[in-house]
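Okay, structure first, notes after.
Here, each number is a calculation from the coordinates, and none is a lab measurement. Not measured: the values here are computed from a predicted model. Using ideal geometry, Cβ is built from the backbone for each residue, glycine included, and neighbour counts are taken over all protein chains shown.
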Amino acid sequence: MRNKIVAGNWKMNKSLAEAQSLTAEIIGMVADEVKGNVKVVLCTPFPYLHPVKSQLGNNDRIAVGAQNCSEHESGAYTGETSAAMLASMNIPYVIIGHSERRQYFGEDGALLATKVDKALAHGLTPIFCCGEPLEIREAGTHEALVTKQVAESLFHLSAVALQKVVIAYEPVWAIGTGKTASSQQAQDMHALIRKHLASKYGAVAENISILYGGSVKADNAKELFACADVDGGLVGGASLKSREFVEIVKAI
Ligand code: PEP
């Protein structure tokens, strides 16, 4: 059975005090209102990982995640954070290849493959993002692009390693725009990604959680999460408001 995951990507938002209030609210609501076996992940800015993790204590429903890690092991890379450092803090998840990293920091498939390797080598679960920009969707070449993104950063992995990866399909045209993919568009792409994984890894593809991201809100989450191949969400803007985020968690 695949894990159901709702991950919030806080991006570069909130002061420490605001981050701690948000965490406290989410802890309270998840404990009271969320039933079942759903993992909630809070992907905070680097400086808040430790305080938020401390606040969570040994909460077994909510985990903390980073938004990026270095492709290097250690050394003279000023401003970078390694997977080894995250592992030393017991951070279980790291987002890799978010479209904002691809777009603003020039991260390409080969580099992301290295980051995935680093994360896995240190026991972290990578949340690997893929997705097409608007012009690619309009040109009708989105399937080719997304399968290429998956192959170039993940297909070097063994089947055992792949099973430790979570994939997030995030159409770039839906991120932060208020435009959500329809549930049919999401299901079609998730099924395509799973079929693509199966072409290389066979039945293992059935075990991989594939999250949808792109303007997920409390009022569209239920329909998206009801799709057979959608195993949860990666949530940006709506993860910054506790009530909205927990409504999304409840939708799964
Ligand atoms: C994201 O940043 O991963 C994201 C999906 O953002 P939003 O939910 O705001 O579209």
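For segment 4-250, what is the charge dipole size about the Cα centre, in debye to the nearest 20, if Lys and Arg each add +1 at the Cβ and Asp and Glu each add -1 at the Cβ? Could you put the intermediate results ahead of the total?
On the way: 23 positive and 26 negative charges, 76 e Å.
Taking the Cα centre of segment 4-250 as origin, the dipole is about 360 debye.
Which of the helices in the chain, when you take each full DSSP H run, stretch at least 24 Å along the axis at their Cα atoms and have an average Kyte-Doolittle score of 0.0 or higher?
Values: long enough: 16-33 (25 Å, 0.58); 183-201 (26 Å, -0.85).
Counting only whole DSSP H runs, the qualifying helices are 16-33.
Please tell me which of these pairs span more than 26 angstrom C-alpha to C-alpha: K11/K217; K148/K250; K35/K179; K195/K241; K14/K53; K53/K195?
Details: K11/K217 17 Å; K148/K250 33 Å; K35/K179 29 Å; K195/K241 35 Å; K14/K53 16 Å; K53/K195 36 Å.
Correct reply: K148/K250; K35/K179; K195/K241; K53/K195.
For the chain, what percent of Cα pairs sit more than 28 Å apart? Display every interim value, and only then the final one.
Working: 8448 of 31626 pairs.
For the chain, the share of Cα pairs beyond 28 Å comes to 27 percent.
Where in segment 1-80 are there trypsin sites (Lys or Arg not before Pro) that are in a DSSP coil and have at most 10 other Cβ atoms within 10 angstrom of their Cβ?
K35
So, counting K/R as plus one and D/E as minus one, what does the shell of residues with Cβ under 12 Å around Q163 add up to? Let's see the in-between values first.
Details: positive: R2, K164; negative: E206.
Summing Lys/Arg as +1 and Asp/Glu as -1 gives +1.
In segment 1-92, which GluC sites (Glu not before Pro) are in a loop and have at most 16 other Cβ atoms within 10 Å, using DSSP for the loop call? Let's see the in-between values first.
Values: sites: E18, E25, E33, E71, E73, E80; in loops: E71, E73, E80.
Hits after loop and neighbour filter: E73, E80.
Are there any trypsin sites (Lys or Arg not before Pro) in segment 142-185 that are in a DSSP loop and have at most 14 other Cβ atoms within 10 Å? List them by number. Could you put the intermediate results ahead of the total?
On the way: sites: K148, K164, K179; in loops: K164, K179.
Sparse-neighbourhood loop trypsin sites (Lys or Arg not before Pro): K179.
Express as a percent, rounded to the nearest 5, the fraction of DSSP beta bridges in the chain (both residues included) that run antiparallel.
Values: 0 of 29 bridges.
If we restrict to bridges inside the chain, about 0 percent are antiparallel.
Normalise the Cα radius of gyration of segment 4-72 by 2.2 N^0.38 Å (N = residues in it) and let me know the number.
Details: Rg = 12.1 Å, N = 69, 2.2 N^0.38 = 11.0 Å.
Ratio of Rg to 2.2 N^0.38 Å for segment 4-72: 1.10.
Would you mind classifying segment 68-192 by shape? Square roots of the alpha carbon gyration tensor eigenvalues, ordered a ≥ b ≥ c; an a/c under 1.5 is rounded, otherwise it is prolate if a/b is larger than b/c and oblate if not. Could you put the intermediate results ahead of the total?
Details: a/c = 2.06, a/b = 1.70, b/c = 1.21.
Prolate shape, in that a/c is at least 1.5 and a/b is the bigger ratio.
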